[in-house]
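Everything on this sheet refers to the single structure shown next.
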Amino acid sequence: MRHLLIILGVLVCTGVSGQSAFAKAEQLFKQSKYKAALPIYLDLLEEKPQDQKLLRKTGQTYGEMEQFEKATAIYKRLLATDDTNADYHFYYGGSMGLWAKNASKFKALGLVDDVKFHLKKAAELDSKHVDTRWALVQLYTELPGIIGGSLTTARNYADQLKKISPVDGYLAHGYVDEYDKEYTDAETAYKNAIKVGGSPLTYMKLATLYADKMDRTADAKAILKKGYEIHKDAQLLAQLEKLDS
């Protein structure tokens, strides 16, 4: 009986210690102290190598540190715990996409098909997954046509977004139109985003288009001023002051 109590005591202490360490790592993560949080997450993973929450947080930490290859390796382990989870496919495909974007052209070419597969799989598993459709919009917009990029496909995913979240759909169409230098169409899309959403981001997108792409500084200022009057958003004010300087 005494030995059993000792064993139970050790298990309880270990559990409490693990919880305490995780709480510390979470606190550091929230403070953006990613380098300090990472070794704690990694130590905990040694004890629980298939713990989904730990794998996700470790992957996020590597991502915040822009170590996308390592983030991808962690998310691969996370996906192995449940390959029917749309978020896990999105994390894996998304981090791989960022890895490809920062890798050599030769390496990126070898990753593109996997990125597409896992992002599409996430969209297939979750018909209302906004983030993965945004990632697909960006992927097909920015990829050269010779390796599978397609503005038509990007716009199709933007249409899907519009059905799920109208404001995201309009922002996505604006993003594609802006990339395609169809600035009048982008202006219309961003104006619609303001109408249906009206967040500070929607005002910022339209103002940035005016200032940076259409040489309409006065219109940019007017939009920023209107957005700031509604939201009192610091970023809108900072951008307005920048244009005034």
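The values are calculated or read from the model by the stated rules, or taken from the named source; none is laboratory data. Because the structure is predicted, anything quoted here is derived from the model rather than measured. Using ideal geometry, Cβ is built from the backbone for each residue, glycine included, and neighbour counts are taken over all protein chains shown.
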If you check Ala238 against the conditions, is it more than 20 Å from Asp131 (Cα to Cα), small (Gly, Ala, Ser) and touching a residue at least 24 places away in the same chain (Cβ under 8 Å)? no
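Yes or no, residue by residue, for (1) touching a residue at least 12 places away in the same chain (Cβ under 8 Å); (2) of a type in the set (A, V, I, L, M, F, W, C); (3) over 26 Å from Ala71 (Cβ atoms):
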residue	(1), (2), (3)
His129	yes, no, no
Leu139	yes, yes, no
Gly148	yes, no, no
Ala154	yes, yes, no
Gly169	no, no, yes
Glu182	no, no, yes
If we keep only residues of the range 170-187 that are surrounded by 15 or more Cβ atoms within 10 Å (Cβ to Cβ) and among the acidic types (Asp, Glu), then the residue nearest to Thr152 (Cα to Cα) is Asp177
Say whether the condition of being of a type in the set (D, E, K, R), within 27 Å of Lys105 (Cβ to Cβ) and surrounded by fewer than 19 Cβ atoms within 10 Å (Cβ to Cβ) is met by at least one residue in the range 188-211. no
Of (1) of a type in the set (Gly, Ala, Ser); (2) surrounded by fewer than 20 Cβ atoms within 10 Å (Cβ to Cβ); (3) modelled with pLDDT of 95 or more, Gly149 satisfies all except one. Which? (3)
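One line per residue, one yes/no per condition, for (1) at pLDDT 95 or above; (2) closer than 22 Å to Asp82 by Cα:
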{"residue": "Gly9", "(1), (2)": "no, no"}
{"residue": "Val12", "(1), (2)": "no, no"}
{"residue": "Gln19", "(1), (2)": "no, no"}
{"residue": "Glu26", "(1), (2)": "no, no"}
{"residue": "Leu38", "(1), (2)": "yes, no"}
{"residue": "Arg56", "(1), (2)": "yes, yes"}
Six or more apart or on different chains, Cβ atoms under 6 Å: show the pairs whose first residue is in the range 193-221 and of a type in the set (Phe, Trp, Tyr) and modelled with pLDDT of 95 or more and whose second is part of a helix (DSSP H, G or I) and buried (at least 20 other Cβ atoms within 10 Å of the Cβ). Tyr203/Ile223; Tyr203/Gly227; Tyr210/Ala220
Taking the range 91-141 and the residues there that are of a type in the set (S, T, N, Q) and farther than 24 Å from His173 by Cα, the one that is surrounded by the fewest Cβ atoms within 10 Å (Cβ to Cβ) would be Ser104
Pair list, Cβ under 7 Å, 6 or more apart: the range 81-99 residue among the charged types (D, E, K, R), other residue in a helix (DSSP H, G or I): Asp82/Tyr88
Taking the criterion of being under 16 Å from Tyr41 (Cβ atoms), among the acidic types (Asp, Glu) and modelled with pLDDT of 95 or more, would at least one residue in the range 67-76 satisfy it? no
